[in-house]
Amino acid sequence: MAYSVPPLPYDYNALEPHIDEQTMRFHHDKHHQAYVDKANGALEGTQWDGKPIEEVLQDLGSLPEDKRTPVRNNGGGHYNHSLFWEWMAPDAGGEPDGALQSAIESAFGSFDEFKAKFKDAGVNRFGSGWAWLVHDGSGLAVVSTANQDNPISDGKTPLLGVDVWEHSYYLKYQNRRPDYIDAWWNVVNWSKVAEGFERAGG
Ligand code: MN3
């Protein structure tokens, strides 16, 4: 089965005022759809057609050379955004608790130091890309990737990511990417992040 854009798990305006409705409409309905259409177009009729996107991205090297870049970009775009919608929620934000809180404190010193490092990764990503909290097999780390690359292609498990492409903030924040990231913390769905942390082995 070809890939499809998953429905948003909340209304387009549910993340207001932090993430505006118009941005969510374009981002989910237009940008994500374009990644899905192009990924489907690239894989149509191949043995990878319908294979779970995370499995494809974990093994990009097995793809024929002419498919590798389109799938990396558009399959990555599909996977990244599918995760991104779920990592946000209305009435969210705050801080994680339990095992995830402890792991963040032991990896970064404190929750505030983690936030500062994550924000730096997003602000300093030149051009388009993502900042991530990942589990790298031994513990938590902050990384950033260019374009639509996902840490899963480097053997890391993404636990939380923020889209820093201009399309994710320009309508409301224009060139102020740091302000967008500051506001974005108010919609982070920490219970979803904690689920991924448990699946990654805690
Ligand atoms: Mn995006």
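Tabulated data for the structure shown
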| read-out | value |
| --- | --- |
| Whole-percent carbon and sulfur share, accessible surface of the chain, 1.4 Å | 45 |
| Net length gained if the chain between A99 and Q22 were fully extended (0.36 nm per residue, minus Cα distance) | 24.1 nm |
| Amide H contacts of L160 (H built 1.01 Å from N, under 5 Å, at least 5 apart or other chain) | L133 |
| Candidates R177, R25, R125: whichever shows maximal mean-square fluctuation once the chain is modelled as a Gaussian network with Cα springs under 10 Å | R25 |
| Accessible surface, per residue, of region 1-145 when the full set of protein chains is kept, probe 1.4 Å, Å² | 49 |
| Cα centroid of region 138-174 to Cα centroid of region 1-80, whole Å | 14 |
| Residues with amide H under 5 Å from that of G129, placed H, sequence gap 5 or more | N147, V164, W165 |
| Residue-level accessible surface for D112, protein heavy atoms, 1.4 Å, Å² | 110 |
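The values are calculated or read from the model by the stated rules, or taken from the named source; none is laboratory data. Please read all numbers here as calculations on a predicted model, not as lab measurements. Protein only, heavy atoms only, side chains kept; ligands, DNA and RNA dropped before computing areas. Shrake-Rupley method; radii C 1.70, N 1.55, O 1.52, S 1.80 Å.
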